[in-house]
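One structure, as structure tokens, below. Some questions next.
The values are calculated or read from the model by the stated rules, or taken from the named source; none is laboratory data. As the structure is a prediction and not an experimental result, all values here were calculated from the model. Cβ sites come from the backbone with ideal geometry, for glycine too, and all protein chains shown count toward neighbours.
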Amino acid sequence: MPRQSKTVVPEDLDNRPQTQSARRHASVLPNQGLSEIPLDHGATGRIERRLPIIVVVRLAPLLSAPADGERTFTDNISPHGARIFSKRAWQPGDVVRVTPLHAGAAFGKVVYCQKLPGERFSVGVKFPDLPVPWPTLKKYGDLLG
């Protein structure tokens, strides 16, 4: 008997603790392109490790109203970057506003945009100016060091 998978939409994640990792949800997110990020420093071009943590965010162009943009979620995060799922294609260099649920907005630049199955995209965002104080990273800060 084939295993049935449940599709989770960002609205469903609002009622879950934000500290749950992307790997834990990978079994209920069918083919969403969740990454398996190893926690080591390799030749990835990143200056720090990213943790596979899902955070509900609002992703919007810089020049838009605070309520604009799409409600979505991250695949992985660090103080200076994140991989975020999106319904639209973004261009490298686009400046975006990323607003985590229950936190202030952060501003970053799109580094890459990768097409995923099902009219979805994964967007790599770099926060070059100020580190993002992701509420969930406070609990796991020792894993980033």
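Kindly evaluate T44 against the criterion of being surrounded by fewer than 22 Cβ atoms within 10 Å (Cβ to Cβ), modelled with pLDDT under 95 and part of a strand (DSSP E or B). Don't jump to the end; show me each part of the working.
On the way: surrounded by fewer than 22 Cβ atoms within 10 Å (Cβ to Cβ): yes; modelled with pLDDT under 95: yes; part of a strand (DSSP E or B): no.
No, not satisfied.
Being of a type outside the set (D, E) and loosely packed, with under 14 Cβ neighbours inside 10 Å is the filter; apply it to region 113-130 and report the residue that is modelled with the lowest pLDDT.
Taking the candidates together, the pick is L130.
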